[in-house]
Amino acid sequence: MTERKLGEVILAVNKISLAFGAMKVLNEITFDVRRGEIRSIIGPNGAGKSSMLNVINGFYHPQEGTITFQGEERKEMEVHKAAASGIARTFQNIALFKGMSTLDNIMTGRNQKMKCNIFQQAIYWGKAQKEELANRLKVEDIIDFLEIQNIRKTPVGRLPYGFQKRVELGRALAAEPEILLLDEPMAGMNVEEKEDMSRFILDINDEFGTTIILIEHDMGVVMDLSDRVVVLDYGKQLADGKPEEVRNNQAVIDAYLGVPHE
Amino acid sequence: MKIERDVLFIIMVSLLLMVIIPWTAGQLSEEIFFEWPFFFEVAIGGLLSGVMYSLVALGFVLIFKASGVFNFAQGAMVLFAALTLVGIHDMGVPMWLAIILALFIMVLLAIAIEKLVLRHLVNQEQIILFMATIGIAYFLDGFGQTIWGSEVKILDLGIPNEPGFYFDGKILINDFDLVAALIASVLVIALALFFQYTRIGRALRAVADDHQAALSVGIPLQHIWTIVWAVAGMVGLVAGIMWGSKLGVQFSLALIALKALPVLILGGFTSVPGAIIGGLLIGAGEKLAEVFLAPMIGGGIEDWFAYMLALAFLAFRPQGLFGEKIIERV
């Protein structure tokens, strides 16, 4: 990958520790994410990758450490505020609104962008209607971008897995986030679907300049896409650096990749 | 809204059966009096009381949509709203002001329920939320009657409660039922549109589907719950006013909620239009059955006919007419 220009640090986690009772899930994790970067978090199952994302978007509140987002240092994020300040995410086990159509699912992603109050909406006239239509246009753009025009009206519960992952990505994109957290966006996909998804991730990063934090198990994908990679194992931080540095790190090879590369 | 073809088919068949069965019964049995004007009178009376069932069912649907919880307290809310209204009115407040005050109190109640009960149960199992609503139900039953007294009260809105004759005097319809049906229809249509086409409506459906995902896109769960309980409280008030002026404001209002159950099973727990169609089918169905079928088997089937219908219906369409199809990937 050619040398890319990265912006200033947009998110930094500093010595984050998280425990559930006696079980330490994260242990003094420290890394930063720069604007416009694709930052991957890798590690074996149970390494604490998803927990890390949950800390970043406020589902979990760490016992120790700080999170600095857009220059503001805090002990923990609040889910609602994280969404409002530009953090969107997808989930490892797809968390879509299964009974709702693709369109409605993605429209919920615009929730933060819509400001009309309940009374204006109750009347659904003038401002509320205009707002709805304007946001609908944005959503149609996303639907085009992700090439899911033909499933626009289908309840997402009926869609095949690969498409559900795509709709979930669409919903996160609809919020026009500063940072996009992707939790295993390619799990369970075949090669072709993975290629599509990789392309979408690169395009999102490229065209919209969205910063991406990615959790992924497919090493080929991670090495290809990422600017920098942080490696976790049993809640500890093993390594942090460019893909090739991480690939050659002995601790990582021992703990995770298992087989030394030639 | 797009209506599925089999839904339309089921409705058509039901309507057809509602005509054919009474007619056949009339031909077969000496005891059953069948004439077309009389048939329509019964059917219309049934439809009108069906609208009143819909009104109660609507309260359930709203809360079920937003939290996936069957709100056991809906009947108690109807009673509480009606008691509050009559109580305020009895203190000498004019009716219009009493209605506004009662609405206001129902909103306060919603805020209190969210703050004191629901907020602490985010992401809990639905059975736990259900248990919470049982607690709320009994609290409201008792609290309302403690404050306002438990004797039967009269609620008079000044709507004429006399039979009117229509179609050259051939068909007799209660004017009060007509007014009630009209009010209920307007309310129901407004709510259906609101939840289908606005952001809050969508947010509400999203919350119902998946709490965590809703939080992650920035939908404020607590806010939505408050809105929904407030709206359900208002619907409860309207239902309380209608049923209360028909039956008197008393404890049995809380039991009317049970009549909404077969309506919900028929219409689907998640659908506002479903609550309407379900209410109409049940209302007309049970009246027709009572008048044209019951004499053949000794009478008195009105009270359980609806439940039997719902039970049969469950067997071949468990999600109800308009309910979201239950899809489980394995």
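Residues that are closer than 30 Å to B:F292 by Cβ: list the helices (runs of 4 or more DSSP H) wholly contained in region B:26-132 that include at least 2 such residues.
So the answer is B:36-67.
Can you tell me which residue in region B:206-220 is nearest to A:E131 (Cα to Cα), limited to those that are surrounded by fewer than 23 Cβ atoms within 10 Å (Cβ to Cβ) and either facing chain A (nearest Cβ under 7 Å) or aliphatic (A, V, I, L, M) (or both)?
B:P220
Can you pull out every residue in region B:1-25 that is surrounded by 11 or more Cβ atoms within 10 Å (Cβ to Cβ) and outside any helix (DSSP H, G or I)?
B:I3, B:E4
For region B:116-126, indicate whether the set of residues that are at pLDDT 90 or above and either surrounded by 15 or more Cβ atoms within 10 Å (Cβ to Cβ) or in contact with a Pro (Cβ under 8 Å, 6 or more places away or on another chain) (or both) is non-empty.
Yes, region B:116-126 contains at least one residue that is at pLDDT 90 or above and either surrounded by 15 or more Cβ atoms within 10 Å (Cβ to Cβ) or in contact with a Pro (Cβ under 8 Å, 6 or more places away or on another chain) (or both).
List pairs: first residue in region B:43-56 and under 24 Å from B:M77 (Cα atoms), second residue among the polar types (S, T, N, Q) and assigned to a helix (DSSP H, G or I) anywhere in the structure, Cβ distance under 8 angstrom, at least six positions apart or on different chains.
Within 8 Å, the pairs are B:V51/B:S185; B:V56/B:Q74.
Do you know which residues across region B:132-165 are surrounded by 14 or more Cβ atoms within 10 Å (Cβ to Cβ) and over 23 Å from B:L109 (Cα atoms)?
Matches in region B:132-165: B:L157, B:I159, B:N161, B:G164.
Among the residues in region A:189-205, are any assigned to a loop (DSSP other than H, G, I, E, B) and either under 24 Å from B:R202 (Cβ atoms) or assigned by TED's automatic domain parsing to the domain that holds A:L6 (or both)?
The answer is yes, given that some residue of region A:189-205 is assigned to a loop (DSSP other than H, G, I, E, B) and either under 24 Å from B:R202 (Cβ atoms) or assigned by TED's automatic domain parsing to the domain that holds A:L6 (or both).
Yes or no, residue by residue, for (1) more than 9 Å from chain B (Cβ to nearest Cβ); (2) loosely packed, with under 15 Cβ neighbours inside 10 Å:
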site: A:Q63; (1), (2): yes, yes
site: A:Q70; (1), (2): yes, yes
site: A:S85; (1), (2): yes, no
site: A:T90; (1), (2): no, no
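Could you tell me which numbered condition B:F269 fails, if it satisfies all but one of (1) closer than 20 Å to B:A66 by Cα; (2) buried (at least 24 other Cβ atoms within 10 Å of the Cβ)?
So the condition that B:F269 fails would be (2).
Of everything in region A:23-61, what is buried (at least 18 other Cβ atoms within 10 Å of the Cβ), touching a Lys or Arg at 6+ places or on another chain (Cβ under 9 Å) and among the β-branched types (V, I, T)? Give them in sequence order.
If the condition is that a residue be buried (at least 18 other Cβ atoms within 10 Å of the Cβ), touching a Lys or Arg at 6+ places or on another chain (Cβ under 9 Å) and among the β-branched types (V, I, T), then A:I29, A:V33, A:I38, A:I41, A:I42, A:I56 are the ones that fit.
Quick one: count up the residues across region A:106-137 that are at pLDDT 85 or above, under 24 Å from B:Q212 (Cα atoms) and out of contact with any helix residue (DSSP H, G or I) (no Cβ under 8 Å at 6 or more places or on another chain).
The qualifying residues number 0.
Within region B:66-79, how many residues are within 16 Å of the chain's Cα centre (by Cα) and crowded, with 23+ Cβ neighbours inside 10 Å?
Residues that pass the stated criteria total 8.
Could you please let me know if B:A257 is within 30 Å of A:E78 (Cα to Cα) and either surrounded by fewer than 22 Cβ atoms within 10 Å (Cβ to Cβ) or of a type outside the set (S, T, Y) (or both)?
no
For region A:172-186, check the following and say yes or no: at least one residue is in a helix (DSSP H, G or I), surrounded by 14 or more Cβ atoms within 10 Å (Cβ to Cβ) and touching a helix residue (DSSP H, G or I) at 6+ places or on another chain (Cβ under 7 Å).
Yes: one or more hits.
On the basis of being under 17 Å from the mean Cα position of the chain (by Cα), more than 14 Å from chain B (Cβ to nearest Cβ) and at positive phi, does A:G58 make the cut?
When the stated conditions are applied, A:G58 does not pass them.
Being over 27 Å from A:P44 (Cα atoms), modelled with pLDDT of 85 or more, within 13 Å of another protein chain (Cβ to nearest Cβ) and touching a Ser or Thr at 6+ places or on another chain (Cβ under 8 Å), is that true of even one residue in region A:138-153?
Yes, region A:138-153 has at least one match.
Could you check region A:95-114 and list, in sequence order, the residues that are at the interface with chain B (Cβ under 9 Å from one of its Cβ atoms) and outside any helix (DSSP H, G or I)?
The answer is A:A95, A:L96, A:F97, A:K98, A:G99, A:M100, A:G109, A:R110, A:M114.
With the requirement that a residue be at pLDDT below 90 and not in a strand (DSSP E or B), what does region A:19-47 give you?
Answer for region A:19-47, where residues must be at pLDDT below 90 and not in a strand (DSSP E or B): A:G21, A:A22, A:G43, A:P44, A:N45, A:G46, A:A47.
Among the numbered conditions (1) modelled with pLDDT under 90; (2) closer than 27 Å to B:K170 by Cβ, tell me where B:F70 comes up short.
So B:F70 meets the others, but not (2).
Do you know which residues across region A:79-94 are free of Cβ contacts under 8 Å to residues at least 24 places away in the same chain and either basic (K, R) or in a loop (DSSP other than H, G, I, E, B) (or both)?
Of everything in region A:79-94, those that are free of Cβ contacts under 8 Å to residues at least 24 places away in the same chain and either basic (K, R) or in a loop (DSSP other than H, G, I, E, B) (or both) turn out to be A:K81, A:N93.
Identify all residues within region B:6-52 that are closer than 17 Å to B:G323 by Cβ and either modelled with pLDDT of 90 or more or not hydrophobic (A, V, I, L, M, F, W, C) (or both); write none if there are none.
Across region B:6-52, the qualifying residues are B:D6, B:S14.
Please note which helices (runs of 4 or more DSSP H) are completely contained in region B:216-321 and include at least 1 residues that are touching a residue at least 60 places away in the same chain (Cβ under 8 Å) and hydroxyl-bearing (S, T, Y).
B:221-247
Any idea how many residues of region B:168-203 are within 10 Å of chain A (Cβ to nearest Cβ) and without any contact (Cβ under 8 Å) to a residue 12 or more places away in the chain?
Residues that pass the stated criteria total 8.
The values are calculated or read from the model by the stated rules, or taken from the named source; none is laboratory data. Note that this is a predicted model, so its numbers are computed, not measured. As a convention, Cβ positions derive from the backbone with ideal geometry for all residues, glycine included, and neighbour counts pool all protein chains shown.
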